[in-house]
Amino acid sequence: GDESKLPAASFTFDGGTHWIRPLRMWFGEVSSVVGVMGKAVAHMAGPSMSQHVFRFGSGKTASFESMLAPKAISEQPFFRIQGSLGEIVIDGFGGGARLYSVGDSDQVVCTEFCHAGWDVGYQREYADFVHATLSGSPPQSSAHSALMDLRVTEAMVQSDREAKWIDVASPGKV
């Protein structure tokens, strides 16, 4: 791969913000990250897999794993959020979101949220972009959100290079 394209030409960098944004929406701003990156796709200039731990200002932690492999062995959900009360699983393009929890008799209860694919979740963003473009009005989402996704991704790359926890600076405080 072309090292001059790093880290932008990578699965983690290009795709990571699609998964970082929901984590920030659910748990708050990321305060620090630590982790490693690797390469499973030889022709990709940057990392095609990563494993990181995120600390959030809210006190929550999350493990972040992304992988693009040349031949996947099985279907993997796009999101798996596990907590003390259950697990939310959001599938990929085929769609579906479910909550798994434990019922009164200690049996696993599956509650389906939707059948739609993950990409349906972007419909409001697309509509907002079109409206802002056609009307000249500002978009509903601020540039700050996109910059914070980028800051987290940059901290992930830095953590891999330096092998340590990296604080995520907010825009204007760098």
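The values are calculated or read from the model by the stated rules, or taken from the named source; none is laboratory data. Given the structure is predicted, the values throughout are model-derived calculations rather than measurements. Cβ atoms come from the backbone with ideal geometry, glycine included; neighbour counts cover every protein chain shown. Note: accessible area is taken over every heavy atom of the protein model, side chains too, but ligands, DNA and RNA are not part of it. Shrake-Rupley method; radii C 1.70, N 1.55, O 1.52, S 1.80 Å.
How much FRET efficiency would the formula 1/(1 + (r/R0)^6) give for S84 and E125, where r is the Cβ-Cβ distance and R0 is 41 Å, rounded to 0.05? Please report the intermediate quantities before stating the final value.
Details: r = 31 Å, r/R0 = 0.75.
The formula returns an efficiency of 0.85 here.
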A student asked for the Cα radius of gyration and Dmax of segment 75-174 in angstrom ought to give 18.8, 56
For the chain, with all protein chains present and a 1.4 Å probe, just round the carbon and sulfur fraction of the accessible area to a whole percent. 57
Which of A45, A97, A143 moves most in a GNM of the chain, Cα contacts under 10 Å? A143
Please state, rounded to one decimal and in Å, the Kirkwood hydrodynamic radius that segment 1-142 gives when every pair of distinct Cα atoms enters the mean of 1/r. 17.5
At a threshold of 8 angstrom on Cα-Cα distance, excluding pairs fewer than six apart, so keeping six or more, what relative contact order does the chain reach in percent? 22
Rank R80, R98 by accessible area, highest first, at a 1.4 Å probe radius? R80, R98
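Counting only heavy atoms of the protein chains, get the accessible area per residue of segment 15-111 (1.4 Å probe) and round it to a whole Å² value. Each step should come with its number before you reach the end.
Working: 5850 Å² over 97 residues.
Averaged over the residues of segment 15-111, the accessible area is 60 Å².
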Can you pull the one-decimal nm distance between simple spin-label points at H18 and K60, each 7 Å off the Cα toward Cβ? 2.1
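Per residue of the chain, what 222 nm ellipticity follows from adding -39500 (n - 2.57) for every DSSP H run with n ≥ 4, rounded to the nearest 500? The partial results should precede the final answer.
On the way: 3 runs with 50 residues, N = 174.
Roughly -9500 deg cm²/dmol at 222 nm, from the helical runs in the chain.
May I ask for the longest run of the chain untouched by GluC sites (Glu not before Pro) that are loop-located per DSSP and have at most 16 neighbouring C-beta atoms (other than their own) within 10 Å?
Values: sites that count: E29, E75.
That gives 76-174 as the longest site-free run.
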